[in-house]
Each structure stands twice: as C-alpha cells, then as structure tokens.
Amino acid sequence: VLDQVFERNLTALTARGVHEKAARRLLLAASDEVDIQEQIEWIDTLIERVPNKFENPAGLYVSFIRDGIIPPTDFLSSRRRKELEQVAKSRTAAETREYSKRYELDLRYAEYKEQQVAAYIDKLAPAARQKLTKDARKAAGKNLKQFDLLSPEQQKDLVDRFAFKIVADELSLPTIEEFNSRNNLQQLLLSPERR
C-alpha cells in the first residue's frame, strides 16, 4: 500500500513537471504525517487561480512539499470529499431505514386501531350502534358545512370515519410507543431462540 501511495505521488509530481529524481528524493524526505496527495491538489488550486503568476510551477510543488507547507483546514481534497460523501450516503441510508421503520410502525398501528375499533363497534347493541351513527353524523355535519351535498356513499364513509374517531377516543388504546413496545416484547417471546 505504501509503495502504491509513493508511486501515485511520484506520478502526480512528474506529471506536474518535477524531475523524477528530485520527486523521489522529495517524497522519501517528506514527513509521514503529511498527506502529499492533498498537498498536490491544494497547490493545483493555487496555480489554477492565477496561472501566469508562477514562473516555475514545478518549483512550487517542490518547495511546499519540502518545507511541509500544508493546506488550510478548510481545503477540501478529493479524498476528503469522498469521505464526506460516504458519510452523507451512510447518514441518508440510515435516515431512510429509520423512516421506513417508522412508516411500517405507523401502518401496523393504524391497522391495529382499525381492528380494535371495528371489533368494539361490532359488539355494540343495535341501539348503541344507532346512537353512535347519529352522533357521528351530527359531528360530520358540524365539521363539514357541505355534508348534505355529498353522495350517500361519501356521507356514509365520512360518518364511518367520525364514528371511528369517537370510539377510538373513548377506548383506552395503547399509544403508538406502547404498541411498539408490546410488539417488540411479543416478538422476543416468540423468537425461536427463546423456545
């Protein structure tokens, strides 16, 4: 690996006009703590900004590397840029996984609530069910002024949604966090390793 890095740096310096013999000596004398590739990229940017200012660009590479002049901390080398992109990708992937897990939990919780409310409504006596429908229709009409303009199917759907809300508010259903904890506990108890 060190030989590959040395050869890559040697190639980079000779491509910029530094004689091979001088480049080898320079690289052998350079501190191991200095990222030569980063130095070369930084010097490239300095030369690119004012190309006619430097009479001997190769000499600039030699003197900066020899004297250990390192780039400023805010200089973003290609290696650093790749590392930052990788961190951003990892973060994005982790955030996406977290979002997917949360979305899945929200769906399971919504299904659970639907099942619990539907089971409760199914067990109601006919008179209690009629009262619930009446209360839901009244709430729907109060919240939507154009309720009477809706089709019978739309009205029924809206009344059902309001009935769902009324019952869900009355039932002592677990919060989404409690639901998730219970599911995690059940999965733990049912996992094959526990049997």
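The values are calculated or read from the model by the stated rules, or taken from the named source; none is laboratory data. Given the structure is predicted, the values throughout are model-derived calculations rather than measurements. With ideal geometry, Cβ positions are generated from the backbone for all residues, glycine too; neighbour counts draw on all protein chains shown. Keep in mind that these areas ignore ligands, DNA and RNA; they rest on the heavy atoms of the full protein, side chains included. Shrake-Rupley method; radii C 1.70, N 1.55, O 1.52, S 1.80 Å.
Roughly what would the spin-label model give for residue 99 and residue 115, points 7 Å off Cα along C-beta, in nm?
2.8
Over the chain, average the accessible area per residue using a 1.4 Å probe and give it in Å², no decimals.
Ligands and nucleic acids excluded, the figure is 75 Å² per residue.
With the cut-off at 27 Å, report for the range 63-195 the share of all Cα pairs above it, as a whole percent.
Pairs farther apart than 27 Å: 55 percent.
Pop a pseudo-label 7 angstrom from the Cα along the beta-carbon direction at both residue 67 and residue 53 and give the gap in nm to one decimal.
Distance between the two pseudo-spin positions: 1.4 nm.
What number, in percent, do you get for the relative contact order of the chain if the mean sequence gap of Cα pairs under 8 Å and at least 6 apart is divided by its residue count?
Computed value for the chain: 15 percent relative contact order.
Roughly to the nearest percent, how much of the accessible area of the range 87-182 is carbon and sulfur, given a 1.4 Å probe?
54
For labels at residue 33 and residue 83 in the simple 7 Å Cα→Cβ model, what's the distance in nm?
So the label points at residue 33 and residue 83 sit 1.6 nm apart.
Compute the angle between helix 78-123 and the longest alpha-carbon principal axis of the chain, please, reported from 0 to 90 degrees and rounded to the nearest 10.
10
Using only Cα atoms, tell me the angle between helix 2-15 and the longest principal axis of the chain; keep it within 0 to 90° and round to the nearest 10.
Tilt of helix 2-15: around 70 degrees.
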